[in-house]
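I have placed the structure first, in the form of structure tokens, so that the comments after it can refer back to it.
Read the figures in this text as sums done on the coordinates, not as results from a lab. It should be emphasised that the depicted structure is a prediction, and the values quoted were computed from it without experimental measurement. Every residue, glycine as well, gets a Cβ built from its backbone with ideal geometry; the counts of neighbours run over all protein chains shown.
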Ligand SMILES: [Cu+2]
């Protein structure tokens, strides 16, 4: 600061104001830090990776993710390493003279060929996984999944079992009148039940607007589109409960139509089917499920999918 300068006072004020802003920023940072520290429970739930895979496809997706992240890391290190090395080693202050040249065919060929090879190296395993995801041939059982505002409908085409799956989180938890449960907004009254180790084909559609069915641990994700039937598949390789959500913004209760898949042993699955069929007879189809949803026949007429095939098998 120049003493005796008529602007010295103004400069002082600017310094003070800058100091105030800095102080405020530090206070804000402190508040955010304290906020994070007090929500230790919430932090404990944070996971910094994909969900542990529970199907071969999910495993492929997981491995692919790791591989691509490593490639990205390698590129990051090389590019930033070269940049900082150039900035520091060749700085003017160190007496470096700038080179004067234009065009260098060798370097241009190298920086075209290397990225091309990297891209090809990433595209090959990625395409393999995508093709595997789309191969829904030879299923052991087929389930039609219908998205509704705001619930899911499941029709087991082989067993003739149909039901809706609704959010079961109590209203009190949603409006903060009760503490939130362990599976808050990720719990349903009737989960999808499938046998372990079986190839499950899902025919996915919607009855009103776009929805999307996603269970990350099973590696199954597919848009549910009214009037169309899209398919996907999974083979759960462990018994357990797997949770997912609708992942296409579908209206006011989009966040209130979770998905729960219960993977059980083959015996338990047979028991479950028997119990569902017994229950269905009692109910005497009082409420025909998925009446308005596009039937398999309609879909075939539309040429949308070979939806009738699993029923015929
Ligand atoms: Cu939805």
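Rank these for me by crowding, 199, 230, going from fewest to most other beta carbons within 10 Å. Intermediate values should be presented prior to the final figure.
Values: 199 15, 230 21.
Placing the least packed residue first, the sequence is 199, 230.
Efficiency by 1/(1 + (r/R0)^6): what FRET value for residue 65 and residue 100, r their Cβ-Cβ distance, R0 = 41 Å, to the nearest 0.05? Computed FRET efficiency for residue 65 and residue 100 comes out at 0.35.
So, by mean Cβ neighbours within 10 angstrom, what's the order for 244-254, 89-99, 130-140 with the highest one leading? Present the calculation step by step, with values, prior to reporting the outcome.
Numbers: 244-254: 16.2, 89-99: 8.4, 130-140: 13.5.
Answer by packing, highest mean first, reads 244-254, 130-140, 89-99.
Shown for 205, 142, 105, 169: other C-beta atoms within 10 Å of each C-beta, ranked fewest to most, produce the order 105, 169, 142, 205.
Subtracting the Cα-Cα distance from 0.36 nm times the residue separation, let me have the gained length for residue 120 to residue 75 in nm, one decimal. It would help to have the intermediate numbers written out before the result.
On the way: separation 45, 0.36 × 45 = 16.20 nm, distance 1.48 nm.
Contour length minus Cα-Cα distance gives 14.7 nm.
What the Cβ-Cβ distance of residue 176 and residue 267 gives, at R0 = 51 Å and to the nearest 0.05, is a FRET efficiency of 0.75. Here the peptides 153-162, 74-83 are ranked by packing, the mean other Cβ count within 10 Å, and the order with the highest first is 153-162, 74-83. Its Kirkwood hydrodynamic radius, worked out from the mean inverse distance over all distinct Cα pairs, puts the range 98-234 at 18.7 Å.
Set the Förster distance to 30 Å, then compute FRET efficiency between residue 113 and residue 198 from the Cβ-Cβ distance, nearest 0.05.
With R0 = 30 Å, the Cβ-Cβ based efficiency is 0.05.
Placing a pseudo-label 7 Å from each Cα along the Cα-to-Cβ vector at residue 249 and residue 166 gives an inter-label distance of 2.7 nm.
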